[in-house]
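Below is one structure, written out as structure tokens, with a few remarks after it.
The values are calculated or read from the model by the stated rules, or taken from the named source; none is laboratory data. Here the structure is a predicted model, which means the values were calculated and not measured. These accessible areas exclude ligands, DNA and RNA; they are computed on the full protein's heavy atoms, side chains included. Shrake-Rupley method; radii C 1.70, N 1.55, O 1.52, S 1.80 Å.
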Amino acid sequence: MRMKEMVRRTGVHERLLRYYEQQGLLEPDRLPSGYRVYGEPDVETVHR
């Protein structure tokens with residue numbers, strides 16, 4: 001899922017998701033266009 005869907009499902013702001021990525025807590029895949037793609041394990045990580 002892309003960033004907007006991740007925000008909707010977790011209730012966490014985009015900026016905080018990027019911070020979690022910088023801290024190494026999330027490692028979303030990237031599409032060739034550069035968009036982040038999150039998976040179900042990322043949703044669980046944010047909920048913890």
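Could you provide, to the nearest whole Å², the per residue accessible area of the chain with probe 1.4 Å?
On the way: 3650 Å² over 48 residues.
With all protein chains present, the chain gives 76 Å² per residue.
For residue 2, what accessible surface area do you get with a 1.4 Å probe? Give it in Å², rounded to 10.
120 Å²
How large is the translational diffusion coefficient of the chain in µm² per second when you combine the Kirkwood radius over alpha carbon pairs with Stokes-Einstein at 10 °C and 1.306 mPa s? Provide the component values of the computation, followed by the final result.
On the way: Rh = 10.6 Å.
Value of D from the Cα-based Kirkwood radius: 150 µm²/s.
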